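Inspection log for the structure reproduced underneath, given as structure tokens.
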Amino acid sequence: MQNQLFKPIDNAPLIIFRIFFGLLLAIETFGAIATGWVTRVFIEPQFTFSHIGMEWLQPLSGIGMYFYFCLMGICGLLVMLGLRYRWSLLAFTLLWGGAYFMQKSTYNNHYYLLLLVCIIMLFLPANKYASLDAKYHPEIRSFSMPQWCSWVMIFQVLIVYFYAALAKFYPEWLDGTFAKIMLANNPLPGSKALFSHHLFHLFIAYSGIAFDFLIIPLFLYKKTRNIAFVAAIFFHIFNASVLHIGIFPFFALSFIVFCYPPDFIRNLFFKSKPKLAFHEVSYASKPILIWFFIPYFIIQIGLPARHWFIPHDVLWTEEGHRLSWRMMLRMRQGVTDFRIMDKETNTIIPYDYRKRLTEKQQYFMASHPDGIWQMAQIIKEEFSDKNQDVAIYIDSRVSINEGSYEVFIDPSVDFAQAKWNYFGHNDWIVVPDGYK
């Protein structure tokens with residue numbers, strides 16, 4: 001097994017992935033500016049809902065975030081070209097991490113996956129061929145890499161798909177309810193009859209589970225590899241057309257290069273690249289595998305499972321939802337209001353939080369417990385700056401998958417005093433019987 005891990009193989013899959021990856025990084029960041037996403041998410045809001053504990057991480061003022069994303073796009077192009085590869089990728093990783101932790105009202109799982117793959121790629125020799133680094137520094141040029149370099153990529157994607165499949169085992173996925181909602185909200189021209197049929201809803205639900213569970217094993221088995229390729233193309237192009245989830249479908253497809261034999265990838269993309277000569281097994285990269293990747297994957301296996309150790313259903317509480325590959329899984333809607341009471345006079349102070357939030361932020365805050373708690377802290381600080389001591393009570397109702405609205409927050413709890421539980425259940429979340 002150890003010899004297999006460190007066996008030298010052609011590095012063509014890693015090299016072509018670096019080129020695809022750098023291009024996708026540039027498309028994601030320049031596209032975020034061109035589509036107005038940066039404007040809506042970072043420029044227009046008065047503040048952003050950062051990840052809890054990182055409230056200090058706020059957008060640059062004025063047009064600063066445009067320059068921020070332009071710099072990321074340039075770093076992506078440098079990664080693609082393999083110029084100052086590790087420095088360019090490190091800069092992108094830090095900047096992307098900043099943007100990722102800076103806001104969560106438009107959270108998307110591929111933002112997180114992008115960050116993880118950036119971290120992985122920092123440790124892989126992806127600039128040893130077909131790069132400007134190798135051109136200007138021929139001494140680093142290499143045609144091989146240890147086999148584990150492909151395996152870590154495959155294992156990362158396997159984790160994503162495995163947990164995505166497990167998350168779908170809940171009633172409103174299995175009976176096609178969410179598929180119906182998803183398709184109704186994302187129509188294609190001429191698709192109304194098909195998208196409204198219950199059998200098609202069930203097909204989408206169960207084919208999604210089958211795809212997530214089986215796609216990587218099918219890719220790894222030679223006789224089913226091409227079938228898996230066709231299935232992956234169809235699945236991700238359908239998602240790109242219907243769900244409008246940015247680069248994620250194409251990002252997911254780029255990992256396919258690690259599932260085919262390296263010689264096949266070399267012949268497909270690098271016809272002039274010399275065939276790999278015999279190399280002795282080298283253990284020079286063993287410390288990286290032991291001291292970085294083994295702890296890394298222990299964390300990656302553990303994080304998505306943490307919600308099983310928190311009381312009540314994560315579908316309702318959201319506790320443990322993020323970083324868990326619970327992708328395109330449910331629709332949340334909420335109606336939330338804040339009652340501000342002056343403690344000195346025992347009078348209610350009118351307060352319209354909607355004036356402080358964009359429409360997207362209102363939608364996020366009203367239905368997510370961390371958004372509600374953070375908004376309460378922002379209100380508390382606002383009144384504290386006026387030397388007013390206030391109590392903050394919340395009336396909140398939430399609906400899952402267009403179901404009935406249920407009380408979500410305990411209206412008797414003073415959120416000026418309420419704490420956020422980072423690792424367990426927050427008792428101020430009211431849990432209906434169906435989610436206990």
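A few remarks follow.
- Annotation note: GluC sites (Glu not before Pro) in region 320-419 located in DSSP loop regions with a Cβ neighbour count of at most 14 within 10 Å are 344, 402.
- Peptides ranked, highest mean first, by Cβ atoms within 10 Å: ranges 107-119, 272-284: 107-119, 272-284
- For region 355-430, chymotrypsin sites (Phe, Trp or Tyr not before Pro) are listed when DSSP marks them as loop and at most 15 other Cβ atoms sit within 10 Å of their Cβ; the list is 405, 420, 422, 423.
- Within the listed set 93, 347, 336, the residue fluctuating most in the Gaussian network model of the chain (springs between alpha-carbon atoms under 10 angstrom) is 347.
- Zero-based 10 Å bins, Cα pair distances in region 1-151, whole percents: 11, 37, 28, 16, 7, 1
- Legend: distances between Cα atoms for 128/286; 135/286; 386/419; 180/223; 386/436; pairs beyond 29 Å are 180/223; 386/436.
- Rounded if a/c under 1.5, otherwise prolate or oblate - region 308-436, Cα gyration tensor axes: prolate
- Values (1) 1.00; (2) 0.96; (3) 0.98 are given for comparison; Rg/Rh (Cα atoms, Kirkwood Rh), derived from the coordinates here, is the one labelled (1).
- Mean Cα-pair separation over length for the chain, i.e. relative contact order, pairs under 8 Å, 6 or more apart, %: 17
- Normalising the average separation of contacting C-alpha pairs (under 8 angstrom, six or more residues apart) by the number of residues puts the relative contact order of region 224-343 at 12 percent.
- Our coupling estimate for region 278-294, obtained by passing each phi through the Karplus curve with A = 6.51, B = -1.76, C = 1.60 and θ = phi - 60°, is 4, 10, 6, 5, 10, 9, 4, 8, 4, x, 5, 5, 6, 8, 10, 6, 5 Hz, Gly and Pro reported as x.
Laboratory data are not the source of any read-out in this text; all were calculated from the coordinates shown. Values in this document were obtained by computation on a predicted structure and should not be read as measured data. Neighbour counts are summed over all protein chains in view; Cβ atoms, including those assigned to glycine, are modelled from backbone coordinates with ideal geometry.
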